[in-house]
Amino acid sequence: MMNDFLSLADLSADEILDLLALADDLKKKRDQKLAYRPLEGKTLAMVFEKPSLRTRMTFEVGIYELGGLGIFYQTKLGERESVPDVARNLERWVDGIMARTYSHEVLVELAKYASVPVINALTDQEHPCQILADAQALRKHKGDFAGLKVAFVGDGNNVFASWAHFAARIPIDLTLVCPAGYEADPKVVEFARAHAKGKIVVTQDIESGVAGADAVYTDVWASMGQEEETALRAKAFAPYQVNDRLMAMAKKDAVFMHCLPAHRGSEVTDSVMDSPQSIVFDQAESRLHAQKAIMITLMK
Ligand code: CP
Ligand code: NVA
């Protein structure tokens, strides 16, 4: 049984599948307008060092729907007081903490010193809530994970890292298609290759990388905190834009996925974002169900 939700690499395949089954059940209950409040009276601290639309909304709506209360707190951890002291304060008041930080180490430190569960709501290294939600949305459209190929076209950053951790546990093929210099941390790729049942490929070649893909995924070219690199990255990533020509290289029934926010006209065109293949808003909806599943599992 997990105590925190910091990384998909910490979870077993069964733990991931249990969370997804619970997320599917929570979606069903919500679609049927059935009230379900297993976290009645519980509180969640929502700590943000970075901006957010989806993560903030879905955690706050999620904890409310489960009967609890979310408390938004914007800060830069470690500046006004030490991270351990923040943890030792929060644990006296709340039943769980979700944190979006720059440094992954700060998140890990928070979890180390807080006796209540800590949930990773994105760090510079990982975005596990996103990929759990993505997996729910992908399975809804494709039925099963077995034999699926996900082509991640873009920066080998936090979102890709969590996909690599997912592929280490759940048998899918995962290909990172990116320009030279923007590959994932070699440790992330090594970890995935050491544990994955499917193929883990990193390539600069768009055509072979996207061929046979059931899902084409992309993310912003410059992540939060990398804004000063925007122009440089735009140049390097330009050939990797997900447009109609690139989508035509994937399977005919491939879905298009994006964690959002999307920079339309940069990493993806309007025509792809708004096409019938796009499941980006199903992914956004799934954030709610997947994170409710995480909170119930950790905080009930
Ligand atoms: N995908 C995602 O985490 O969105 P926000 O940054 O808006 O929370
Ligand atoms: N890679 C992006 C993901 C945003 C949800 C970032 O870190 O800004």
Quiz item: Considering only the range 223-268, how many residues are more than 15 Å from LEU176 (Cα to Cα), in contact (Cβ under 8 Å) with a residue 60 or more places away in the chain and within 15 Å of ligand 2 (Cβ to nearest atom)?
Solution: 7
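For (1) out of contact with any Gly (no Cβ under 7 Å at 6 or more places or on another chain); (2) closer than 23 Å to ALA137 by Cβ; (3) more than 16 Å from ligand 2 (Cβ to nearest atom), each residue gets a yes or a no:
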{"position": "ALA13", "(1), (2), (3)": "yes, yes, yes"}
{"position": "ILE16", "(1), (2), (3)": "yes, yes, yes"}
{"position": "PHE48", "(1), (2), (3)": "yes, no, no"}
{"position": "TYR73", "(1), (2), (3)": "yes, no, yes"}
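Matching residues to (1) among the aliphatic types (A, V, I, L, M); (2) at pLDDT below 95; (3) within 25 Å of ASP10 (Cβ to Cβ):
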site: ASP214; (1), (2), (3): no, no, no
site: GLN241; (1), (2), (3): no, no, no
site: VAL272; (1), (2), (3): yes, no, no
site: THR297; (1), (2), (3): no, no, yes
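Could you list, in sequence order, all residues of the range 105-144 that are acidic (Asp, Glu), surrounded by fewer than 24 Cβ atoms within 10 Å (Cβ to Cβ) and either without any contact (Cβ under 8 Å) to a residue 24 or more places away in the chain or over 25 Å from LEU77 (Cα atoms) (or both)? Working first, answer last.
Step one: list which residues in the range 105-144 are acidic (Asp, Glu), which gives 105, 109, 124, 126, 134, 144.
Now drop any that are not surrounded by fewer than 24 Cβ atoms within 10 Å (Cβ to Cβ), which leaves 105, 109, 124, 144.
Listed by number, the residues that qualify are GLU105, ASP144.
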Practice problem: Quick one: which residue in THR297, THR269 is open to solvent by 10 Å² or more (accessible area, probe 1.4 Å), more than 20 Å from the chain's Cα centre (by Cα) and of a type in the set (Val, Ile, Thr)? | Solution: THR269
Exercise. Identify the residue in the range 49-76 that is within 15 Å of ligand 1 (Cβ to nearest atom) and of a type in the set (Asp, Glu) and, among all such residues, is most open to solvent (accessible area, probe 1.4 Å).
Key: GLU60
Exercise. Answer yes if at least one residue in the range 150-158 is closer than 30 Å to GLY212 by Cα, within 16 Å of ligand 2 (Cβ to nearest atom) and within 12 Å of the chain's Cα centre (by Cα), and no otherwise.
Key: yes
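The values are calculated or read from the model by the stated rules, or taken from the named source; none is laboratory data. In this text the structure is predicted, and so the values were computed from the model without any measurement. Don't worry about glycine lacking a Cβ; one is built from the backbone with ideal geometry, like all the others, and counts go over all protein chains shown. To get the accessible areas, we keep the full protein, side chains included, count just its heavy atoms, and leave off ligands, DNA and RNA. Shrake-Rupley method; radii C 1.70, N 1.55, O 1.52, S 1.80 Å.
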